[in-house]
Structures are given as C-alpha cells and as structure tokens.
Amino acid sequence: MSTLKRAIFTASLCLAMTAGAASGETPNFGKPIDEASIAPWDISILPDGTGLPKGSGTPAQGAPIFAEKCSGCHGENGKGGEAAALVSDKELIGINAAQKTIRNFWPYSTTVFDFIRRAMPFQMPHTLADDEVYALTAYILAGNKLIGPNDTMDAQTLPKVKMPFRDNFILRFPDRI
Amino acid sequence: MSKRRDMRGEALEAAAGNGLIDRRALLGGGAMIAGAIGVGLGSSAAAGAEPLTEEPWSLEFGDRTTPYQVPSKFEAKVVRTLSNPKHEMRNSHSRTPHHMLEGTTTPNGLHFTINHGGIPSIDPDKHKLVIHGLVKRPLEFTLETLSRYPMTTRAAFVECGGNSAPMFSPEPLQETVQALHGLASCAEWTGVKLSTLLEETGVDPRAKWLIAEGADSPRVSRSVPMKKALDDAMIVLYQNGERLMPGNGYPMRLLLPGYEGNMNVKFLRRLKLVEQPAFSMYESRTYAPILPSGKAYRFYFLQEVKSFITFPSHGHSLKGPGLYEISGIAYSGTGRIEKVMVSADGGQSWAQAALQGPVLSKAFTRFRLPWRWDGGPATLLSRAWDESGEVQPTRAEFIVARGQLEKPPPVLGFNNQHYNSITCWGVGSNGEVKHVYA
C-alpha cells in the first residue's frame, strides 16, 4: 500500500471505531446509584454555600471545642503550634508562602468549614458533628475579626463572610478553564 | 570553534565552549569520540590492566530467587529521602534520587510521594468510585468492573506543584538534585480514559468542573476543569505494569497528564460534576503562588517546561579530566520536548543535546551530550523548549516574574510553588560539583 493509501485506510478505520464507541458500545459496567445513597460520602461544599449542611454554631460554642481538640497542635487560641496558626494578624510581605493564613489569604470562608469537616482533627477526622464544625469555624473567623464575637455561622451566614484577600487572585491560564 | 577529525576523517565539531562536543558524536559510538578527541576515558587508563582473577561469587552457588525481587544490596543508598521518617502527625514527602538513576522511567519503589494523612490501607475488593452531580446517571464502579474496561497505557510525569521550591532561595542551597527536584517522577500508567466513564454517566452541559476526592483520612480534594477531564484524564490502575503502589494511590488514582501532582487525586473514590470550583484548601491556599506584586495566581494547574542535569550534579565528583557524558531530564506539561540546549561555560555558549527517543508528550525525556572536561572550572546548565513553543525561563527572567525569597528556606520547607527555571552546577578543579546560580 502506498503511504497515502495506508493513511486513508487507517483514518477510516479510526472513524469506524470511534463511531462504534459513540453508539453506546462502552462496557457499561457501572452500577446505577442515586444521590440519596451517595449522600453519606458527599461532603463537597461550593463557595456559594451549596452543600453546606443544616446546623449552626457560635464563637463561644467553638472556644471549648477548640481548646480540647485543636489547640494541642494549633496552639492556644489558634496562635500556632506544631501545626499552622489559624488565628493571626500577620500581613503578607514578599512571596514566602509560609506566611499565608486564613485571614490574609484564603478567598472563601466556606473552605474553612470544608477543610475542618474533611480533615480535622488530624488524628481522627470525621468525628465532629456539623454543629461543632460550624462552631469551630465561627471561633476561628471571630478570632481573625472576620465576623463579630456573637455572630452565628450556618448555611446562610457563612458564605456571606467577606474574606479580605479574595479579589487579589489572577487566573494563571484562563483558557484552560 | 576548533575542528577535530574522527577516525573516518570527518569533521567533529566542538559544539560550544569549555569542552562541549557535538551531540552527533554520540551516534558514532565511543571509538569515534575517543579517536577524535584524543583524551578519552581509555587513554586516561593507559597504565594497563592487571591480570584477571576469579572472585568468590563466580565459584559458589548464588543467592536464592525471591518471589518479588529488590535491588542489589550494593545499591542500598539509592533510596528516596523522607521528610517525616518518624511518621509524626503531619504530611510526608519522599523524593526521587534523580542523581542516581538513568533513563526516563522512575522505578515504582522510588516514585516520589506526598501523603497528607498517611497511606490508607485500602482493601481493593471494597473500594468504590462514584461519579455523580451534574450527570444524567450517577454510577458506581469497583476495581473489578473498571479492570474490564478497554485499557490505555501512556507515559506521564507527575510533579508536585511545590517541586524545586528550594530554588526560590536567594543563595544556591548545596543540595542534591534529589532534594531540589525530587518531587517529580515519570511512570507508564495504565487505566481507563475518564471520558469513557463520563460517556456512560452522561454529562449535563452545565458541568464546568469536577471535584475529585480521595478515600484517605483527609479526603484530599481538588477541582478539575471539565476541559481537562474530557481531554486526556485517566483513572489509572497500574504503574509500570503492576498495580499502583500504595503511596501512589492504590487501588486507583486520577491522572491529569502535565497538571500539578496534588490534582492527580490518589485513592480516588468520588468525582462530582459541578458548575463552579470548590476552592478546596489546596487550591485556595497551598498551590496559589504569591507574586512580587502582592497578588497571587489561582488555578495554576500546569507544570511548565523544565530541565535539569542529573549527571554531573551536586554529590558527584569527577575523577579527573577526560570525556564525560552530561545527562539530564526534560519535561513539559504542554507537550513534547523539542530541544534541550546545554552550556558548560555558564551560559555564554550553548550546544544542542541529543534527545533519547521516543520523545513522548508530558513525559520525561532524557537528554545527553558528550563533554571533554579539561580539569578547569566549568558551569553546566540546561534549558528546554517544548513543541508548543514554551521555553524554560532563565533565572533572571523567572525572578522578575515570580520573585525570590529574602532568606534561604528550609530545604524540605515547600515554601513556594511552580519553579521551572534553570539549574546550574559548578564543577571545581577538584572535580566536586556545587550548586551555583549563573
């Protein structure tokens, strides 16, 4: 076969194969499952508050939980210990990423709830009730003066907290999104 | 430039200053180089060899054959370095010893890992992957069902977004290529194209992102644009022909060729299609580099074109003047490596290195160049170009755009992200190799 003929032959073979796949010939070994059955695993939260669970908490409710379950690693009142400071008034100077804190860098308050619920306390995550996660989030946000000392955090109030650094991000490669 | 003649009388070009020899000399083999250059390895050993004798291992019944073989005991120092050897309650990094490896495939035991909550011990028969959210039909897959899908195999490098962070130091840290660039590795991955599974679930046109989540205790989670998911994303089950290593995501992980390591979610158990990114901790904070302007990049994704010389590099020492082969690794998240240039005089003159084929997209490419070291000081560096026209920036260019730290960071500190500029090695007259900035 000439190179050209071979190229055309290969091209038509490829076309035939893609057409086969497109007409539903993938293996279909996936088992259908409904969202209710996935719910125990679905802990995704979006910055607009989508996915936030029921429940609520205040800084005052969070303080004793923090002292008991978090301060061992994150220090008294979250000022930093073996693990990062969660309450801090340090500003960013220069490019060193070690200075990033919730207050001076994190763009959305929903990430605080999300990360505590999925990953903390480090040695036994997934042991906190949603009310406790709201209370710890409120405690950390209040310590950083991002909410008032008596504010309640829940699915409605948390996404409304304005994080100071939010508008300082630049998309690196916008055309890849 | 001086011209010498090889044994067939053809011109053998000195390709650039301070001893770099044309890469085509490699193709003709050692005899041609030795003949042309005169001061080859052979001639430095001109004193002549001792008469041959028998060693004990040639006279006795050797060691047993084991079911799963491990490297020779004489290679015991070729191991990963650990950031958390005592397994304390924090994350753990392990780095690939590039200065002791060759070729382009990282052996599975030496592939770099970063684990945030230890390595989960997952029973493959109980592991599940669900795809849900903005799909027509949420589906659950097991390792057994996924293993029955048509498989795809490809080479791909995986690099942590924080690899090469010590290069942000204002002074060159005297560290090996393992410490500087060891959070990158390359393997042959086998698995199922994510687009095949998404064809089965159906995709709601409103879906712009998917949130990938692992089954490890901190449920490491990242948002991935659907564009990438439908392009070359895979659910991988095998690493260099065997099942994934536990630290690399056993029994299944997401592979996003060319995208920062952390997005290639390991122990993958859930993919949720959504309209907006989740702003998980890692994308909000860790992998969002601060810029000298005081702003920060968001959604960096790409591991950009990069290269570094692995031999000679810090920790090696050259045993006298003569012929050496400079060897290194180049790779790019935006395609195939097109060209690597090497300098032995700190960037004053450059010669094009030979690329070991096949040169694959988003995979390690080995480059090599013969070099006759005259025993004087030499500054070796490499610079890579890829097929999409991207060029590895010089250090000066990089620092203007991305800044530099005021003080040297802790080498394991991981303080900055996405460094892809040039690495220089200074060879001293004593043969010792130092990390330098040129």
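Across region B:70-91, what is the number of residues that are assigned to a loop (DSSP other than H, G, I, E, B), surrounded by fewer than 15 Cβ atoms within 10 Å (Cβ to Cβ) and not charged (D, E, K, R)?
Residues flagged as assigned to a loop (DSSP other than H, G, I, E, B), surrounded by fewer than 15 Cβ atoms within 10 Å (Cβ to Cβ) and not charged (D, E, K, R) within region B:70-91 amount to 7.
Filtering region A:111-128 down to residues that are of a type in the set (V, I, T) and more than 7 Å from chain B (Cβ to nearest Cβ), which residue is farthest from A:P149 (Cα to Cα)? Steps first, answer last, please.
Looking only at region A:111-128, we keep the residues that are of a type in the set (V, I, T), and these are A:111-112, A:116, A:127.
Filter again for more than 7 Å from chain B (Cβ to nearest Cβ), leaving A:112, A:116, A:127.
Working: A:V112: 17, A:I116: 20, A:T127: 25 Å.
By that ranking, first place goes to A:T127.
Of all the residues that make up region A:72-85, how many are among the small types (G, A, S) and facing chain B (nearest Cβ under 10 Å)? Quick ask: steps written out before the conclusion?
Of all residues in region A:72-85, those among the small types (G, A, S) come to A:72, A:75, A:78, A:80-81, A:83-85.
Within this subset, residues satisfying the condition of being facing chain B (nearest Cβ under 10 Å) are A:72, A:83-84.
Result for region A:72-85: 3.
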| said: Between a residue in region B:273-292 that is over 27 Å from B:I399 (Cα atoms) and modelled with pLDDT of 95 or more and any residue that is hydrophobic (A, V, I, L, M, F, W, C) and assigned to a helix (DSSP H, G or I), which pairs come within a Cβ distance under 8 Å, given they are 6 or more apart or on different chains? | reply: B:L273/B:M226; B:S280/A:F115
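Being part of a loop (DSSP other than H, G, I, E, B) and within 14 Å of chain A (Cβ to nearest Cβ), is that true of even one residue in region B:108-116? Steps first, answer last, please.
Filtering region B:108-116 for residues part of a loop (DSSP other than H, G, I, E, B) gives B:111-112, B:116.
Of the ones still in play, those that are also within 14 Å of chain A (Cβ to nearest Cβ) are B:116.
Scanning region B:108-116 turns up at least one residue that is part of a loop (DSSP other than H, G, I, E, B) and within 14 Å of chain A (Cβ to nearest Cβ).
Of everything in region A:86-109 that's hydroxyl-bearing (S, T, Y) and more than 7 Å from chain B (Cβ to nearest Cβ), which residue is farthest from B:F414 (Cα to Cα)?
In the first step, residues of region A:86-109 are kept if they are hydroxyl-bearing (S, T, Y); the result is A:88, A:101, A:108-109.
Now drop any that are not more than 7 Å from chain B (Cβ to nearest Cβ), which leaves A:88, A:101, A:109.
Details: A:S88: 21, A:T101: 16, A:S109: 24 Å.
That would be A:S109.
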| Here are some residues: A:G80, A:G75, A:G94, A:G49. Which one is under 20 Å from A:A129 (Cα atoms) and not charged (D, E, K, R)? | A:G49
| Somewhere in region B:127-135, is a residue part of a loop (DSSP other than H, G, I, E, B), within 12 Å of another protein chain (Cβ to nearest Cβ), over 16 Å from B:G191 (Cα atoms) and modelled with pLDDT of 95 or more? | yes
| field | Complete set of residues in region A:94-107 that are surrounded by fewer than 23 Cβ atoms within 10 Å (Cβ to Cβ) and in contact (Cβ under 8 Å) with a residue 12 or more places away in the chain | value | A:T101, A:R103, A:N104, A:F105, A:P107
| query | What are the residues in region B:141-157 that are more than 29 Å from the chain's Cα centre (by Cα) and assigned to a strand (DSSP E or B), if any? | reply | B:F141, B:T142
| query | When region B:270-298 is examined, which residues are found to be more than 7 Å from chain A (Cβ to nearest Cβ) and among the charged types (D, E, K, R)? | reply | B:E275, B:E283
| task | Considering (1) under 28 Å from A:T111 (Cβ atoms); (2) more than 10 Å from chain A (Cβ to nearest Cβ), say which one B:L237 fails and leave the rest. | result | (1)
| note | Inside region B:245-297, the number of residues satisfying the requirement of being within 23 Å of B:G118 (Cβ to Cβ) and of a type in the set (D, E) is 2
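Filter region B:88-124 down to the residues that are acidic (D, E) and within 29 Å of B:Y331 (Cα to Cα) and list them by number.
Step one: of region B:88-124, the residues acidic (D, E) are B:88, B:102, B:123.
Correct list: B:E102 only.
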| If we scan region B:393-414, do we find a residue that is surrounded by fewer than 18 Cβ atoms within 10 Å (Cβ to Cβ), assigned to a loop (DSSP other than H, G, I, E, B) and touching a Lys or Arg at 6+ places or on another chain (Cβ under 7 Å)? | no
| Would region B:303-320 turn up any residue that is buried (at least 19 other Cβ atoms within 10 Å of the Cβ), under 30 Å from A:I102 (Cα atoms) and modelled with pLDDT of 95 or more? | yes
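Being touching a strand residue (DSSP E or B) at 6+ places or on another chain (Cβ under 6 Å), at the interface with chain A (Cβ under 8 Å from one of its Cβ atoms) and closer than 18 Å to B:A363 by Cβ: is that true of B:F301 here? Before the answer, list the steps.
Values: touching a strand residue (DSSP E or B) at 6+ places or on another chain (Cβ under 6 Å): yes; at the interface with chain A (Cβ under 8 Å from one of its Cβ atoms): yes; closer than 18 Å to B:A363 by Cβ: yes.
Yes, satisfied.
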| For region B:158-273, list the strands (runs of 3 or more DSSP E) that sit wholly inside it and hold at least 1 residues that are among the acidic types (D, E) and surrounded by fewer than 24 Cβ atoms within 10 Å (Cβ to Cβ); which are they? | B:184-193
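Which residue, of B:L210, B:L173, is within 13 Å of chain A (Cβ to nearest Cβ) and touching a strand residue (DSSP E or B) at 6+ places or on another chain (Cβ under 7 Å)?
Numbers: B:L173 fails: within 13 Å of chain A (Cβ to nearest Cβ).
After applying the criteria, what remains is B:L210.
The values are calculated or read from the model by the stated rules, or taken from the named source; none is laboratory data. Being a predicted model, the structure only gives us computed values, none of them experimental. All Cβ positions, even for glycine, are placed from backbone atoms using ideal geometry, and neighbour counts span all protein chains on display.
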